[in-house]
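S.K.: Got a structure for you, questions after.
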Amino acid sequence: MSTEKPNQPAASSMWGGRFAVGPAAIMSRINASIDFDKRLYAQDIRGSQAHCRMLVRQKILTEADGDAIVQGLEQVRQEIESGQFRFSHELEDIHMNVEARLAELIGEAAGRLHTARSRNDQVATDFRLWVRDAIDGMDGALKGLQQALITRAEEHAATVMPGFTHLQAAQPVTFGHHMLAYVEMIGRDRGRLADARVRLNECPLGSAALAGTSFPIDRHFTAAQLDFAAPMNNSLDGVSDRDFALEFMAACSICAVHLSRLAEELVIWTSAQFRFVTLSDAFTTGSSIMPQKRNPDAAELIRAKTGRVIGDLNALLIVMKGLPLAYSKDMQDDKEPVFEVADTMELSIAAMTGMIGDMKVNTLILKAAAGAGFTTATDIADWCVRELKMPFRRAHHVAGSLVKLAESKGCDIDQLSLDEMQSVEPGITEQARAVLAVDHSVASRVSFGGTAPLRVREQVAAARAKWLEGGAR
């Protein structure tokens, strides 16, 4: 005869004999993670199959039980991927959902799979595998963005535009040079993700709950089965570390900032006041009231989503900051922010890649803007240094005085007469006027990494070899 009180939930089969009754309804709701951690199904099944093969190899499981488990797990995978699998909130998470279905398929042998393993090291392994896969996918997407940027850089290696500091016209540069700056930034993002991948590529499986296990397991075998470089050295660290998730999100946050800076430039450049580039209907929207509008919404949304990525990093940092070793249930909240970051980055990178390929570069407008705002004033100062042997500080003063004179007359420096220029510095000759042309200015910037079209074309070739053909990360 049952001793349970009426209307009380049955004891959980997951927790065995320790609990007389099941959790309250609100406890079930707050405790269940299946709605989001079901995304780990492929990694969970792969990890369980590797664990099973190790148990058989170490003669902890029989070959018959091992075969049944591996094949049963493969059927579970097929059911999930075909949409036939029914996920249960009562079973809390992906691990117990998979194990329960496995028991339905193969019977008692399923209960042997969890030998020498805890959900603590199981989820840590699954999560590392998932983040590793996410990094690999993101690297490919960022490589595609670099390809788009390099293509535009090559097309516009000699297209002049204003370079800015403080968002004020500074010196002429080339549009190709500007695109290559983002190639370098995205390259560092790929490097950070690659570095994070190296550090996360150690296997926690076999750490069990926190102290390891008394069974004669082979953790090096399991690590190799899952393509990890090695097992983690410390079982406490194995189940409690989430540095890999934080580092992934930190690298994504920096990358998102880079995307946001480029998005901001696209917003500015597409405005009627700039018109440096034009985006097609594919990446813009209209207004419900103003028929003339073409809004760069994709760029604006990328800019906004950067806040979400940074916020998710902050959220997990705060979750982890006060946790004693080893595992605490707080760490169940590690996955949603990571998943959201990965999804947000996937969307943002794809949208940015599309916009870079889509945009029309308005070369004539760029060239006209490149000479506005006395952007070649530094060139006349450099000419004074080279030709008149002036100290640069004196030459800077001469150039500044020419700017002041031109401003007072409402013209550019090159529109001053030679007499007017010589009234500032008698040594100035007609030769100096040639250096004020924007094409001459950019062509003269031949230092390594400079904006001269010659250097930009070299940088395009180098970037293509490094980031696209060489497979560098």
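S.K.: Run the 1.4 Å probe and let me know the accessible area of Lys409, rounded to the nearest 10 Å².
M.R.: Near enough 110 Å² of accessible area.
S.K.: How much solvent-accessible surface does Ile365 expose, in Å² to the nearest 10, with a 1.4 Å probe and all protein chains in place?
M.R.: 50 Å²
S.K.: Restricting to DSSP H runs of at least four residues, report the calculated mean residue ellipticity at 222 nm for the chain, -39500 (n - 2.57) per run over all residues, nearest 500 deg cm²/dmol.
M.R.: -19000 deg cm²/dmol
S.K.: Measure of size requested: the Rg and Dmax of the chain, with Cα atoms as the atom set and Å as the unit; please supply both.
M.R.: Rg and Dmax of the chain, Cα atoms, are 31.1, 114 Å.
S.K.: Hey, what angle do you get for helix 453-463 against the long axis of the chain, alpha-carbon based, 0 to 90 degrees rounded to 10?
M.R.: 10 degrees
S.K.: Given H placed 1.01 Å from N in the peptide plane, which residues other than close sequence neighbours of Val173 have an amide H under 5 Å from its amide H?
M.R.: The answer is Met161, Gly163.
S.K.: In debye to the nearest 20, how big a dipole does the range 166-244 give about its Cα centre with +1 on each Lys and Arg Cβ and -1 on each Asp and Glu Cβ?
M.R.: Approximately 180 debye in magnitude.
S.K.: Amide H of Val277: which non-local residues (sequence gap of 5 or more, or other chain) have their own amide H closer than 5 Å, using H built in the peptide plane?
M.R.: So Val277 has HN proximity to Thr270, Asn362.
S.K.: Could you state the accessible area per residue of the chain in Å², with a 1.4 Å probe and every protein chain left in place?
M.R.: Roughly 48 Å² per residue, with all protein chains present.
S.K.: Let me ask something additional. Which listed residue (Gly187, Leu129, Gly400) has the Cα farthest towards the positive end of the charge dipole for the chain, taking +1 on Lys and Arg C-beta and -1 on Asp and Glu C-beta about the Cα centre?
M.R.: Gly400
S.K.: Please enumerate, by chain and number, the lysines with C-alpha under 20 Å from the C-alpha of Lys335, excluding those fewer than 8 residues away in the same chain.
M.R.: Answer for Lys335, where 20 Å is the Cα cut-off: Lys38, Lys305, Lys321, listed by chain and number.
S.K.: Name the long-range amide H neighbours of Arg242: under 5 Å, sequence gap of 5 or more, or other chain; modelled H, no Pro or chain starts.
M.R.: none
S.K.: Next up: Any idea what angle helix 94-106 forms with the longest principal axis of the chain, computed on alpha-carbon atoms, 0 to 90 degrees, nearest 10?
M.R.: Taking Cα atoms only, the helix is inclined about 40 degrees.
S.K.: Let's see if you can work this out: charge +1 on each Lys and Arg Cβ, -1 on each Asp and Glu Cβ, no other charges. What is the dipole magnitude of the chain about its Cα centre, in debye to the nearest 20?
M.R.: Approximately 660 debye in magnitude.
S.K.: Here is a further query. Based on the mean of other Cβ atoms within 10 Å per residue, sort peptides 111-118, 228-235, 413-420 so the most packed one is first.
M.R.: Result, highest mean first: 111-118, 228-235, 413-420.
S.K.: Going by a ≥ b ≥ c, the root eigenvalues of the Cα gyration tensor, does the range 96-240 fall in the rounded group (a/c under 1.5), the prolate group (a/b larger than b/c) or the oblate group?
M.R.: Here the range 96-240 falls in the prolate category.
S.K.: Please report the net charge: other residues with Cβ closer than 12 Å to the Cβ of Asp237, K and R +1, D and E -1.
M.R.: -3
S.K.: I've got another one for you. Applying a 10 Å radius around every beta-carbon, put 88-95, 313-320 in order of their mean neighbour count, most first.
M.R.: Ranked from most to least packed, the peptides come out as 88-95, 313-320.
S.K.: To the nearest 10 degrees, how steep is helix 119-155 against the longest Cα principal axis of the chain, on a 0 to 90 scale?
M.R.: 20 degrees
S.K.: Can you give me the % of accessible surface on the range 120-368 that is carbon or sulfur? Probe 1.4 Å, all protein chains present, nothing else counted.
M.R.: Of the solvent-accessible surface of the range 120-368, carbon and sulfur hold 54 percent.
S.K.: Sticking with this structure for a sec: Using a 1.4 angstrom probe on heavy atoms only, work out the carbon and sulfur share of the accessible area of the range 374-469 in %.
M.R.: On the range 374-469, the fraction of accessible area on carbon and sulfur atoms equals 55 percent.
S.K.: Moving on. Choose one of Leu366, Ser417, Val435: the residue whose Cα lies farthest towards the positive end of the charge dipole of the range 359-473 (beta-carbon charges +1 Lys, Arg; -1 Asp, Glu; about the Cα centre).
M.R.: Checked the options; the winner is Leu366.
S.K.: Next question. Indicate the gyration tensor shape class of the range 255-407 (rounded, prolate or oblate), computed on the Cα atoms with a ≥ b ≥ c the square roots of the eigenvalues: a/c under 1.5 is rounded; otherwise a/b larger than b/c is prolate and the rest oblate.
M.R.: oblate
S.K.: Of all accessible surface on the range 25-113 at a 1.4 Å probe, what whole percent is carbon and sulfur?
M.R.: Carbon plus sulfur share of accessible area: 47 percent.
S.K.: Then there is this: For the range 48-71 and the range 108-184, what is the separation of their Cα centres, given in Å?
M.R.: Distance between centres, Cα-based: 38 Å.
The values are calculated or read from the model by the stated rules, or taken from the named source; none is laboratory data. None of the values given here were measured: they were computed from a predicted structure. Positions of Cβ are generated from backbone atoms using ideal geometry, with glycine treated the same way; all protein chains shown enter the neighbour counts. Accessible surface areas use protein heavy atoms only, side chains included; no ligands, DNA or RNA. Shrake-Rupley method; radii C 1.70, N 1.55, O 1.52, S 1.80 Å.
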